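The block underneath contains the structure these notes are about, expressed in structure tokens.
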Amino acid sequence: MKKRLLGKIEVTEIGVGCMGFSHGYGDIPEEAYSIDAIRAAYDFGCEFFDTAERYGLPLRTEGHNERIVGKAIAPFRDKVVVATKFFFGANPPETDAGIEKLVREHLERSLKNLQTTWVDLYYLHRVHPKVPVEKTAAVMAKLIKEGLIRGWGLSQVEVDTISKAHEVAPLSAVQNLYNMLERDCEKAVIPYCLENGIGLVPFSPVCSGFLSGKVTAATNFNHVDDVRKYVPQLSKENMAANQPILDLVVEYAEKKNATPAQISIAWALKKYPNVVPIPGSKNKERILENLGASEVNLTDDEFRTLEARLEALPIGGRRGIVEFEGSKISDWGKNK
Ligand SMILES: NC(=O)c1ccc[n+]([C@@H]2O[C@H](COP(=O)([O-])OP(=O)(O)OC[C@H]3O[C@@H](n4cnc5c(N)ncnc54)[C@H](OP(=O)(O)O)[C@@H]3O)[C@@H](O)[C@H]2O)c1
């Protein structure tokens, strides 16, 4: 697969979001299946895998997803880039020493879960309102110097936070919500990242499945661990409002002999050179389908027309890209 840079870290231009093997989209597969699916992605050419310490809650344990990823990549650990993330949790320490100790404890657990001695890309999952981002950056700089991590990143942040952090310790990547139906990042975040050599890793690049065309108003989101019931664009009303966007994507899929999910990923790749989407699926065939978007090349003309038509369509629902640790999932899309 073609490669891109996240800061100085080279990755395949599409990664695999591994969350669904442990959390977020209802029932999970048997561990052996998940391991096999991750290895199939590697055999396909993917060398970038995204996980987080938190993926496992609320139904399993923290580290559940990291342990699956760790087992899966063990035979080829040094050939892949692994990204994981941590939260500070309730009542974080206030002193610099306390903050550093806590970050190191999280990293130590992740290293153990992932069966590795280094993390390639270590994200702060959400900025904690009581921990200035500069303090996290200072700890990350130390971890990089010690070789425990190769680079670091932030998730769900705006430019003011990114720039404060980047000044203390250069960021490799920002992992924000970004897809055809959630484009706030285009205003300031992506331009800043482009200018400063920072990668943008879009999470939910197929809008939690909507842009695949496989999620419809009849899809059941009732499972206790299904985040789709909170995704603003996936309410029944908004799915209907967003149907013209899906129709546009389907039209391009037919024209390009591709799938709608592949078009939504190819669109992001074509739009910016520093974007590296990490579509998530717990299904092996769909993972390979999504990675196949790397072969879907939109011409300049096709892209321009797609973009112009997309811009002209209203979007139903918006979650936004700024979130703090502690904010509730049930508040997504409210008060914006
Ligand atoms: N930083 C953060 O705060 C944050 C938040 C959320 C996610 N993430 C990361 O980003 C990754 C991707 O985000 P995401 O999983 O929320 O959203 P996503 O990739 O936009 O969508 C995942 C959903 O879409 C379905 N899907 C994916 N590809 C499909 C295809 N080709 N055809 C049909 N259905 C398809 C999946 O169903 P099946 O599993 O049934 O195929 C799943 O329900 C996650 O795995 C995680 O690593 C990070």
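Odds and ends about this structure:
- Unique residue being within 16 Å of the ligand (Cβ to nearest atom), buried (at least 19 other Cβ atoms within 10 Å of the Cβ) and either hydrophobic (A, V, I, L, M, F, W, C) or under 21 Å from Ala188 (Cβ atoms) (or both) when the list is Leu306, Leu269: Leu269
- Yes/no for Ala241 being in contact (Cβ under 8 Å) with a residue 12 or more places away in the chain and within 19 Å of Phe49 (Cβ to Cβ): no
- Scan segment 185-218 for residues that are within 14 Å of the ligand (Cβ to nearest atom) and either at pLDDT below 95 or assigned to a helix (DSSP H, G or I) (or both) and the total you get is 9.
- Restricting attention to segment 227-275 and to residues that are β-branched (Val, Ile, Thr) and part of a helix (DSSP H, G or I), the residue that is nearest to Gly320 (Cα to Cα) turns out to be Val227.
- You will find that of Glu94, Glu105, the residue that is away from the ligand (no atom under 16 Å from the Cβ), surrounded by fewer than 17 Cβ atoms within 10 Å (Cβ to Cβ) and within 20 Å of Gly153 (Cβ to Cβ) is Glu105 and no other.
- Check on Ile14, in contact (Cβ under 8 Å) with a residue 24 or more places away in the chain, within 13 Å of the ligand (Cβ to nearest atom), part of a loop (DSSP other than H, G, I, E, B) and buried (at least 24 other Cβ atoms within 10 Å of the Cβ): yes
- For beta carbons closer than 8 Å, sequence separation of 6+ or different chains, a first residue in segment 62-90 that is closer than 17 Å to Glu10 by Cβ and a second that is assigned to a helix (DSSP H, G or I) and within 14 Å of the ligand (Cβ to nearest atom), the qualifying pairs are Ile73/Ile38; Val82/Val69.
The values are calculated or read from the model by the stated rules, or taken from the named source; none is laboratory data. In this text the structure is predicted, and so the values were computed from the model without any measurement. Cβ coordinates were reconstructed from backbone atoms using ideal geometry, including for glycine residues, and neighbour counts include every protein chain displayed.
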